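K.L.:
Below is the structure I would like to discuss, written out as structure tokens.
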Amino acid sequence: MLLSDPVILSACAFAVILVGMAKGGFSGLGALGTPVAALVLPPTVAAAILLPILIVQDVVSVWSFRHSWDRWIVGWMLPGAIIGIGIGWAIAASVDEKIMMAVLGAITLLFGVYRMWVERGGRVVAASTSSGWVGSLFGVATGFTSQIAHAGGPPFQMWVTPRKLPHLRYAGTNSILFAAINWVKVPSYMALGIFTHDVMIAAALLVPLAIITTLISVRIVRVLKPERFYTIIYVLMVLLGGKLILDAVI
């Protein structure tokens, strides 16, 4: 059994905690889950273990934020995300994942640094009002990177964070969009034949930890001040960008 090895168990548990925090509202952390699990498992196996867990966590996060999400944003991003998932599935065998993650990491890091700079000292910055079709393009990137490595958080953040949503609506929009994206990914993962018996058993054993982490994170997000919430998101983007670049270089 996959989780009989203490090292694999520890890495997978940490990965589940990260994606649980992301589902609880700390958008972007989930992109670290697959790289962490991939330290001890083949990347495809790591991604396959996490997908059923993500879907279970979606139930908790969607229920928690069911009254706080932006339908306009989801409506524009989801069609693009579906296209991105299809592209990711079609070229999964030929994509150089390290190069893609390095580029994504660099963009994410620079964007996080830029947002912290323009909002330094508590400066009030006008919210972005970019058109919906721009969101669809970011949706393609979100779906593509989510299909490859469950790393759709950064493209989502790049379009949605500057819109300055109330922090609970931001967390809810993230939850609803990625819940839909994860279900769309299921057929492609089945077609790739990576939902083996061992993978599903490992995922089932990790589900309780996933639910607990998501519930705790939801409670933390609800009591955070909005300005503190966005500061945390920007810091996470910088750390995530650096981690993706490091994974691609090593």
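The values are calculated or read from the model by the stated rules, or taken from the named source; none is laboratory data. Source: prediction; values computed, not measured. Don't worry about glycine lacking a Cβ; one is built from the backbone with ideal geometry, like all the others, and counts go over all protein chains shown.
K.L.:
Going through Ala202, Ala210 one at a time, which residue ends up being buried (at least 22 other Cβ atoms within 10 Å of the Cβ) and in contact with a Cys (Cβ under 9 Å, 6 or more places away or on another chain)?
P.N.:
Details: Ala210 fails: in contact with a Cys (Cβ under 9 Å, 6 or more places away or on another chain).
Of Ala202, Ala210, the one residue that is buried (at least 22 other Cβ atoms within 10 Å of the Cβ) and in contact with a Cys (Cβ under 9 Å, 6 or more places away or on another chain) is Ala202.
K.L.:
Let me ask something else. Can you report the number of residues in the stretch 9-31 which are more than 23 Å from Arg222 (Cα to Cα) and under 10 Å from the mean Cα position of the chain (by Cα)?
P.N.:
Residues flagged as more than 23 Å from Arg222 (Cα to Cα) and under 10 Å from the mean Cα position of the chain (by Cα) within the stretch 9-31 amount to 0.
K.L.:
Does Gly153 satisfy the condition of being small (Gly, Ala, Ser), buried (at least 21 other Cβ atoms within 10 Å of the Cβ) and under 17 Å from Gly33 (Cβ atoms)? Walk me through it before giving the result.
P.N.:
On the way: small (Gly, Ala, Ser): yes; buried (at least 21 other Cβ atoms within 10 Å of the Cβ): yes; under 17 Å from Gly33 (Cβ atoms): yes.
Yes, satisfied.
K.L.:
Quick check on this structure: which one of Ile73, Ile85 is within 16 Å of the chain's Cα centre (by Cα), at negative phi, β-branched (Val, Ile, Thr) and at pLDDT 75 or above? Even if it seems obvious, please write down each step before you answer.
P.N.:
Working: Ile73 fails: within 16 Å of the chain's Cα centre (by Cα).
From the options Ile73, Ile85, the qualifying one is Ile85.
K.L.:
Turning to a different aspect of this structure: Looking only at the stretch 213-233, decide whether some residue is within 27 Å of Thr44 (Cα to Cα) and of a type outside the set (S, T, N, Q).
P.N.:
no
K.L.:
Still on this structure: Mind checking which residues of the stretch 1-37 are outside any helix (DSSP H, G or I) and out of contact with any Asp or Glu (no Cβ under 8 Å at 6 or more places or on another chain)?
P.N.:
Asp5, Gly24, Gly25, Phe26, Ser27, Gly28, listed by residue number.
K.L.:
Could you list, in sequence order, the residues of the stretch 38-51 that are in a helix (DSSP H, G or I) and at pLDDT below 80?
P.N.:
Of the residues in the stretch 38-51, the ones in a helix (DSSP H, G or I) are 43-51.
Across the stretch 38-51, the qualifying residues are Pro43, Thr44.
K.L.:
Kindly check whether there is at least one residue in the stretch 219-235 that is assigned to a helix (DSSP H, G or I), in contact with a helix residue (DSSP H, G or I) (Cβ under 6 Å, 6 or more places away or on another chain) and surrounded by fewer than 15 Cβ atoms within 10 Å (Cβ to Cβ).
P.N.:
yes
K.L.:
Pairs needed: first member in the stretch 42-62, on the phi < 0 side of the Ramachandran plot; second member anywhere, hydroxyl-bearing (Ser, Thr, Tyr) and surrounded by fewer than 18 Cβ atoms within 10 Å (Cβ to Cβ); C-beta distance under 8 Å; at least 6 residues apart or different chains.
P.N.:
Ala48/Thr196
K.L.:
Another question about this same structure. Working carefully through the options Asn182, Asn174, find the one that is touching a residue at least 40 places away in the same chain (Cβ under 8 Å), closer than 19 Å to Trp69 by Cα, in contact with a His (Cβ under 9 Å, 6 or more places away or on another chain) and part of a helix (DSSP H, G or I). Break it down stepwise before answering.
P.N.:
On the way: Asn174 fails: in contact with a His (Cβ under 9 Å, 6 or more places away or on another chain).
Answer to the check: Asn182.
K.L.:
Within the stretch 88-102, take every residue that is modelled with pLDDT of 75 or more and within 18 Å of the chain's Cα centre (by Cα) and give me the one that is surrounded by the fewest Cβ atoms within 10 Å (Cβ to Cβ). Outline the logic, then answer.
P.N.:
Of all residues in the stretch 88-102, those modelled with pLDDT of 75 or more come to 88-91.
Filter once more, so that each one left must be within 18 Å of the chain's Cα centre (by Cα): 88-89.
Details: Gly88: 22, Trp89: 19.
Checking each candidate, the answer is Trp89.
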